[in-house]
């Protein structure tokens, strides 16, 4: 027999969605003492499945991206977002790091929303749709100084460029410019993607030299070496 309070909540949810109140003949009827009717006990599995279905339908409607009649305005990354991307590109092999971090940012977003790659495109609240199954292109403003770090022989370091993305997640065969814009976009719009970016940068960022020096001094200090030498002399004498 299901818990009475849980049954009451499920009954209220179904009654609210169906648009009519429950009656003693309904499977959702609750008696005065808080217990459910015999009909509900006989059809509890069906009742629970219906409630979950209605909840999933309602949840999917909430997650739908808005429909717009005009293209969205360009996304201008904040100073904090630019600094995070610059920290990523400031390491060796920046092109490989960009290719590696995008799937991690995507995975963090999908875990938070329990969604697939395909469903994300039509459910992102900040990426409007232009029809039922299609979205507008999204433009992102990217600084040339960042592109110069990932594109060899990129001669422009001042100013900005506008990059157009047709999907929220770039692929490995997309241009470096599109991938850098993708990192900017996700880091600007999705908190979970920002956290994934921070974690990745911490894993690839080399330790400061002073920290390495302190670790080396702790491992091989003069006093510890002297103690080892003294110990070895005593050991030879005892033999």
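Laboratory data are not the source of any read-out in this text; all were calculated from the coordinates shown. Bear in mind the structure is a predicted one, so any value in this text is a computation, not a measurement. Reconstructed Cβ throughout: ideal geometry from the backbone, glycine too, with neighbour counts over all protein chains shown.
So for the stretch 79-204, averaging the separation of alpha carbon pairs under 8 Å that are six or more residues apart and normalising by length, what relative contact order in percent results?
Result for the stretch 79-204 is 32 percent.
Give the peptides 98-105, 166-173 in descending order of average Cβ contacts within 10 Å, highest first.
98-105, 166-173
So how do 111-120, 152-161, 176-185 stack up, highest first, on mean other-Cβ count within 10 Å?
Ranked by mean Cβ neighbours within 10 Å, highest first: 176-185, 111-120, 152-161.
Apply the Kirkwood formula to the stretch 79-204: the hydrodynamic radius equals the inverse of the mean of 1/r over all pairs of different alpha-carbon atoms; give it in Å with one decimal.
It works out to 14.9 Å.
Calculate the spin-label point distance for residue 114 paired with residue 199, positioning each point 7 Å from the Cα along the beta-carbon direction, and give it in nanometres.
The two pseudo-label positions are separated by 1.9 nm.
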